[in-house]
Amino acid sequence: MKLLLTLLGSVILVQCMRAQSVGEEFYFSLPDTDLEVQTSNAQDFRVQIVVSGLEVPWGVAFLPDGTVLITERPGRLRLVRNGELLPDPVGGVPEVFARGQGGLLDVAIHPDYEENGWIYLAYSKPGDGGGNTAVTRGKLEGNRFVDQEEIFWGEPRTGAGQHFGSRIVFRDGYIYFSIGDRGSMQNGQDLSNHNATVIRLHDDGRVPEDNPFVDDPDAKPEIFAYGLRNIQGMTIHPGTGEIWSAMHGARGGDEINIIRSGLNYGWPSITHGVNYDGSPITPDTARTGMEQPFLHWTPSIAPNGIDFVWGDRYEGWRGDLMVATLRPQYLHRVNLDGNRLVDQEELLQGFGRMRDVEMAPDGFLYVTVESGGRLIRLLPVH
């Protein structure tokens, strides 16, 4: 098994490096401007604004032809081509439950997109009694989202407007995505509903036969891991193939976790946070049978999208984890040596609430920022 994981990690790393070592060409070019150098402990850089004027840009994904997909939480999917935001949103996108934190959330493309054309959307779907997180796949035909297939809709559906998650990643032919506890913390330890979990499915929505709770009559068979308050960041480690996640705590207790099959991450039985009014949630930060976070933050930084830095662009950041944050409004760098925490650094302080950070096929980092509705690109200074 250890050899298999090593080989898997090597394959993923090679693919990632190949995808992100594409010479000195940008994914698309933009007019030259004088950009102020931003300093970092390990890698200076400049900020380039790709587009602006978006409304709560949430998730971003990149197509092989250079098109950028950006979700706007109110329910619109937008396209950027040749560095320009197309004026009209994509037609045919599913209706969303746009209440509180709900709306159109993540967008991801299938690993075999060039063969099958599948694009996946995570969103809060309305229905009788309220809404919950759903995932639909479809194809882009011109400026329309067509051939749609809903592969999942979480239960139960309520009128609450909190904690929908949701991020999507792919690994080994499976899709993984997160659902928050929907504002009811008792859901965290209740396997009879989908909330506060990471879900694992075949890419067409079928439940894998080796899911950890598939034979438990009291559990939802789609669940892969649980006890996770509200994950809004997930990515695959390019060196190991493991799933890393960023989870919102309450008042404090934000966490980075490595998500593994069948494990209980403890919410709300264990946490480093407290209720928003300052009252305790639990006296415990650890219990037998519950996982400890790789990293946690108190006070809260409100982590959102995350991604690892690989390739040749950012030599000083290679292998580090980048975390988009809401509350302090900066890009948080977690400096790693393999899986060992070395240091942390705050970049772009006060730049705006950041929703997602992604390494694109051109090997550059892109970030969605609520302030000004911007997609920005970080240009390394060597």
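Between the range 96-174 and the range 317-382, what's the alpha-carbon centroid distance in Å?
24
Viscosity 1.002 mPa s, temperature 20 °C: what is the translational diffusion coefficient of the range 302-382 from Stokes-Einstein with a Kirkwood Rh over Cα pairs, rounded to a whole number of µm²/s?
Translational diffusion coefficient: 169 µm²/s.
So, with a 1.4 angstrom probe, what is the percent of accessible area on the chain that is carbon and sulfur?
46
Provide the per residue accessible area, probe 1.4 Å, for the range 267-382, rounded to a whole number of square angstrom.
38
Mean 1/r over all different Cα pairs, inverted: what Kirkwood radius does the chain give, in Å?
20.8
Using every alpha carbon pair in the range 53-122, what percent of pairs falls into each 10 Å bin from 0 up to the bin containing the largest distance?
So the P(r) values, bin by bin, are 21, 53, 24, 2.
Which chymotrypsin sites (Phe, Trp or Tyr not before Pro) does the range 120-187 hold that lie in a coil by DSSP with at most 11 other beta carbons within 10 Å?
Those that pass, being in a loop and sparsely packed, number zero.
Per residue, how large is the accessible surface of the range 164-265? Use a 1.4 angstrom probe and give square angstrom.
29
Regarding the range 38-192, what's the average projected area of the Cα-atom convex hull, expressed in nm²? Walk me through the numbers before you get to the answer.
Numbers: hull surface 47.4 nm².
Over all viewing directions, the range 38-192 projects a mean Cα-hull area of 11.9 nm².
I'd like the Karplus ³J(HN,Hα) series for the range 104-113: coefficients 6.51, -1.76, 1.60, θ = phi - 60°, whole numbers in Hz, and an x wherever there's a Gly or Pro.
7, 10, 8, 9, 8, 9, 4, x, 9, 4
From the Cα gyration tensor of the range 151-240, with a ≥ b ≥ c the square roots of its eigenvalues, which class applies: rounded if a/c is under 1.5, or else prolate if a/b is larger than b/c, or else oblate?
Details: a/c = 1.77, a/b = 1.24, b/c = 1.42.
Verdict is oblate for the range 151-240.
Just grab the label-to-label distance for R46 and S279, each label 7 Å out from Cα along the Cβ direction, in nm (one decimal).
In this crude spin-label approximation the distance works out to 5.4 nm.
Among G173, G241, G352, which one shows the highest mean-square fluctuation when the chain is modelled as a Gaussian network with alpha-carbon springs under 10 Å?
G173
In the range 250-323, which chymotrypsin sites (Phe, Trp or Tyr not before Pro) are in a loop and have at most 10 other Cβ atoms within 10 Å, using DSSP for the loop call? Spell out each step's value before the answer.
On the way: sites: Y265, Y276, F294, W297, F308, W310, Y314, W317; in loops: Y265, Y276, F294, W310, Y314.
Listed in order of number, the matching sites are Y276.
Let a ≥ b ≥ c be the square roots of the eigenvalues of the Cα gyration tensor of the range 229-382; is it rounded (a/c under 1.5), or, if not, prolate (a/b larger than b/c) or oblate?
On the way: a/c = 2.26, a/b = 1.46, b/c = 1.55.
Judged from the Cα gyration tensor, the range 229-382 comes out oblate (a/c at least 1.5, b/c at or above a/b).
Show that you can apply the helix-only estimate: for the chain, add -39,500 (n - 2.57) for every DSSP H stretch of four or more residues, divide by all residues, and state [θ] at 222 nm to the nearest 500.
Helix contribution divided over all residues of the chain: -1500 deg cm²/dmol.
The values are calculated or read from the model by the stated rules, or taken from the named source; none is laboratory data. Treat the numbers as computed from the prediction; the structure is a model and nothing was measured. Reconstructed Cβ throughout: ideal geometry from the backbone, glycine too, with neighbour counts over all protein chains shown. To get the accessible areas, we keep the full protein, side chains included, count just its heavy atoms, and leave off ligands, DNA and RNA. Shrake-Rupley method; radii C 1.70, N 1.55, O 1.52, S 1.80 Å.
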